[in-house]
Amino acid sequence: MSAITSPEELHARRKSLAGRQEDALRTITLCSGTSCIALGSAQVHEAFEAEIQQRDLADKIKLKRTGCHGLCEQGPVLVILPERFFYPGVKVEDVAEILERTALEGEVIERLCYTDAASGRKIAYEHEVPFYKAQTRLVFQHNGELDPIDLDDYIVRDGYAAMARALSDMPADQVIEEVKLAGLRGRGGAGFPTGLKWELCRESPGDEKYLICNADEGDPGAFMDRSLLEGSPHAIIEGMVIAGYAIGARDGMVYVRAEYPLAVRNLTAALEQAREEGLLGENILGSGFCFDISLHQGAGAFVCGEETALIASLEGKRGMPKPRPPFPAQSGYRGRPSNINNVETFANVPLIILNGHEWYSGIGTEGSKGTKIFALAGKVINTGLVEVPMGATLREIVFDIGGGVPDGKEFKAAQIGGPSGGCIPSQHLDLPIDYDSVQEIGAIMGSGGLIIMDEDTCMVDIARFFIDFVQEESCGKCVPCRIGTKRMLEMLTRFTEGEGEPGDIDRLERLGEMVKKASLCGLGQTAPNPVLSTIRYFRDEYEAHVNDKRCPAGVCQALLTYRILEDVCTGCGACAAVCPVGAITGEKKQPHTIDAASCIKCGLCYQTCKFDAIVRD
């Protein structure tokens, strides 16, 4: 096809695609995101292709690779349109039956249906699965429907319509005003108002300006941006073109970590398609606006998620932050005014321009508008990507969507905002999750990582884990972060090894506050959050570690002791058989004993005993 040179031609293309009669009776959409590929999606797709070809069904069945459907716990996920039959965990051996019974005959295969963990009932349709039913999918709405590298698949779903409207009907300052009135805040962590950020960059003197997409998603367990790039790359491109037009930039850059090969591949393909079709490059849609996007791969340094460190990396320097001011909007890439937003922020922009600020600002809370995507992980039944309106409660996310905590365990806390976030305890389960309310209880929204912890989690050990991560990722430029986080890690390690001393908890708390106040960049300024929030809400656990030399959750090995209850032990010998150091002795059918001096506290005996004769103190 020839390039699209005007909004009218774009509309005509969309109309022709919408009016085209599909030959296929049904469409099989198979999740081909990274998580599902790891669970065998590629092999399932090959099996479908072979079976369709062998049975000459190409004119009746359409097979489509899509991005992530969200329910990563149960991949590979398959949805058959138009009925939206939903089959999770599909295997190669299921392919022939799915084609015959469901794709051709419209019959539900009960054994392949989703099983609701709460009720045990089988659910045949995607929209009835609780995980999806309780969500509000706007940014993520097409991720499991469209082929990410099929431009027409995006255009027929109003793709690039917002860009056409902005370039043809809206002056740049009107675009900025629309985003400001919508109340969009940056989804990368800090939550700075996006429209104001654009306005500051546009008003900065200089003709050469740059637009940067931060796709350096470094939080452990977070993969929202990766999945958007893999599944909806054209939405990111469209959002960037609109933003570039608004701030007066000709050049856009996507900074993505090299550990995201599928995201890189799909975005590269989408960029090439957009250029070929006249949606990127010179004189876009005949508007006179010229804008192109280049792709840059980072080496995966967590600190490069910080704006000035990211810019330094783009310039070929070591990724280290700079003092602000000047801010990137004043002096950024190559000393020119630059605007940086993350992937999810750009994905919201076409929604605002297409539907208007009144529609968008009607979603969410007073200070936080729109929806937010969370990466739900940890001790929760349904893990994956969740999109909810700002202001949804933690209880709704964990229990209504996530299905609750497995094995009948009690919810203990949620770590929100990645390693620089904070822990939200059970007493705040009904807290509306938005930028302001989360900050009030000592955490941050961050990019959207949400790790659930149950009663068996040691909060001191969790704090040690996250401070270990940020200490390792510190660039070392400023002393408070470089040395302060190291000293915090040393203290927490002593706590978990039974070497804490009276007054250490207060010293740790004071040190954390100092690191927050004195660090150069956001990494150091937020690094103590997991420690300070766990001290705030779980101080009794810290006191047990320091004062009683005891780990209430039974996690910290150095603080554990194992003993056998003589009146319960049957002398079966199972515990002695698994002990790697021979610390358990006793005659057959007689009570056994554990030699505390020899025990390495591995816990194998405790896990093996079927009679609950071994206790952990």
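The values are calculated or read from the model by the stated rules, or taken from the named source; none is laboratory data. Keep in mind that what you see is a predicted model, and the values were worked out from it rather than measured. A quick note on method: Cβ atoms are made from the backbone with ideal geometry, for glycine too, and the neighbour counts reach across all protein chains shown.
Give region 103-119 a look and list any residue that's free of Cβ contacts under 8 Å to residues at least 12 places away in the same chain and either in a loop (DSSP other than H, G, I, E, B) or touching a strand residue (DSSP E or B) at 6+ places or on another chain (Cβ under 7 Å) (or both), or say none. I'd like the intermediate steps shown before the answer.
The first filter runs over region 103-119 and keeps only residues free of Cβ contacts under 8 Å to residues at least 12 places away in the same chain, leaving 105, 107, 111, 115, 119.
Glu105, Glu107, Thr115, Ser119 - these are the residues of region 103-119 that are free of Cβ contacts under 8 Å to residues at least 12 places away in the same chain and either in a loop (DSSP other than H, G, I, E, B) or touching a strand residue (DSSP E or B) at 6+ places or on another chain (Cβ under 7 Å) (or both).
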*Failed item in (1) at pLDDT below 95; (2) under 24 Å from the mean Cα position of the chain (by Cα), with Gly206 passing the rest*: (2)
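Take Leu30 and decide whether it is closer than 22 Å to Ile123 by Cα, in contact (Cβ under 8 Å) with a residue 60 or more places away in the chain and either outside the structural domain of Gly384 (by TED's automatic domain parsing) or under 26 Å from the mean Cα position of the chain (by Cα) (or both).
On the way: closer than 22 Å to Ile123 by Cα: yes; in contact (Cβ under 8 Å) with a residue 60 or more places away in the chain: yes; either outside the structural domain of Gly384 (by TED's automatic domain parsing) or under 26 Å from the mean Cα position of the chain (by Cα) (or both): yes.
Yes, satisfied.
So, Glu344, is that one among the charged types (D, E, K, R), surrounded by 24 or more Cβ atoms within 10 Å (Cβ to Cβ) and part of a helix (DSSP H, G or I) or not? Before the answer, list the steps.
Details: among the charged types (D, E, K, R): yes; surrounded by 24 or more Cβ atoms within 10 Å (Cβ to Cβ): yes; part of a helix (DSSP H, G or I): yes.
In short, yes.
Pick from Met453, Met488, Met459: which is crowded, with 19+ Cβ neighbours inside 10 Å and touching an Asp or Glu at 6+ places or on another chain (Cβ under 9 Å)?
On the way: Met453 fails: touching an Asp or Glu at 6+ places or on another chain (Cβ under 9 Å); Met488 fails: touching an Asp or Glu at 6+ places or on another chain (Cβ under 9 Å).
Exactly one of Met453, Met488, Met459 is crowded, with 19+ Cβ neighbours inside 10 Å and touching an Asp or Glu at 6+ places or on another chain (Cβ under 9 Å), namely Met459.
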*Filtered residues of region 239-273 (kept if modelled with pLDDT under 95 and of a type in the set (Asp, Glu))*: Glu259
*For region 189-214, how many residues meet the condition of being aliphatic (A, V, I, L, M) and surrounded by fewer than 23 Cβ atoms within 10 Å (Cβ to Cβ)?*
3
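May I ask you to say which residue of Val79, Val90, Val139 is assigned to a loop (DSSP other than H, G, I, E, B), assigned by TED's automatic domain parsing to the domain that holds Val44, within 25 Å of the chain's Cα centre (by Cα) and of a type in the set (A, V, I, L, M, F, W, C)?
On the way: Val79 fails: assigned to a loop (DSSP other than H, G, I, E, B); Val139 fails: assigned by TED's automatic domain parsing to the domain that holds Val44.
Only one candidate passes the filter, namely Val90.
Quick one: is Ile401 at pLDDT 95 or above and β-branched (Val, Ile, Thr)?
Details: at pLDDT 95 or above: yes; β-branched (Val, Ile, Thr): yes.
When the stated conditions are applied, Ile401 passes them.
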*asked:* Among the residues that make up region 326-333, is at least one of them in contact with a helix residue (DSSP H, G or I) (Cβ under 6 Å, 6 or more places away or on another chain) and assigned to a strand (DSSP E or B)?
replied: no
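Please go through region 173-188 and pick out each residue that is out of contact with any strand residue (DSSP E or B) (no Cβ under 9 Å at 6 or more places or on another chain), surrounded by 18 or more Cβ atoms within 10 Å (Cβ to Cβ) and among the aliphatic types (A, V, I, L, M). I'd like the intermediate steps shown before the answer.
The initial filter retains those residues of region 173-188 that are out of contact with any strand residue (DSSP E or B) (no Cβ under 9 Å at 6 or more places or on another chain), namely 173-178, 181.
Now drop any that are not surrounded by 18 or more Cβ atoms within 10 Å (Cβ to Cβ), which leaves 175-176, 178.
The answer is Val175, Ile176.
Looking only at region 564-593, which residues are assigned to a loop (DSSP other than H, G, I, E, B), hydrophobic (A, V, I, L, M, F, W, C) and within 10 Å of Ala613 (Cα to Cα)?
Of the residues in region 564-593, the ones assigned to a loop (DSSP other than H, G, I, E, B) are 565-573, 579-583, 586-592.
Checking which are hydrophobic (A, V, I, L, M, F, W, C) leaves us with 565, 568-569, 572, 579, 581, 583.
Once the filter is applied, which keeps residues that are assigned to a loop (DSSP other than H, G, I, E, B), hydrophobic (A, V, I, L, M, F, W, C) and within 10 Å of Ala613 (Cα to Cα), region 564-593 yields Leu565, Val568, Cys569.
Quick check: anything in region 515-538 aromatic (Phe, Trp, Tyr), surrounded by 18 or more Cβ atoms within 10 Å (Cβ to Cβ), in contact (Cβ under 8 Å) with a residue 24 or more places away in the chain and not in a helix (DSSP H, G or I)?
Checking region 515-538: at least one residue is aromatic (Phe, Trp, Tyr), surrounded by 18 or more Cβ atoms within 10 Å (Cβ to Cβ), in contact (Cβ under 8 Å) with a residue 24 or more places away in the chain and not in a helix (DSSP H, G or I).
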*Tally time: how many residues in region 280-321 are within 29 Å of Gly476 (Cβ to Cβ), more than 21 Å from the chain's Cα centre (by Cα), touching a residue at least 40 places away in the same chain (Cβ under 8 Å) and crowded, with 19+ Cβ neighbours inside 10 Å?*
8
_Counted residues, region 201-215 - those being touching a residue at least 12 places away in the same chain (Cβ under 8 Å) and part of a helix (DSSP H, G or I)_ = 2
_All positions within region 181-198 that are modelled with pLDDT of 95 or more and among the charged types (D, E, K, R)_ = Arg185, Lys197
*For Phe192, work out the one condition from (1) without any contact (Cβ under 8 Å) to a residue 12 or more places away in the chain; (2) at positive phi it doesn't fulfil.*
(2)
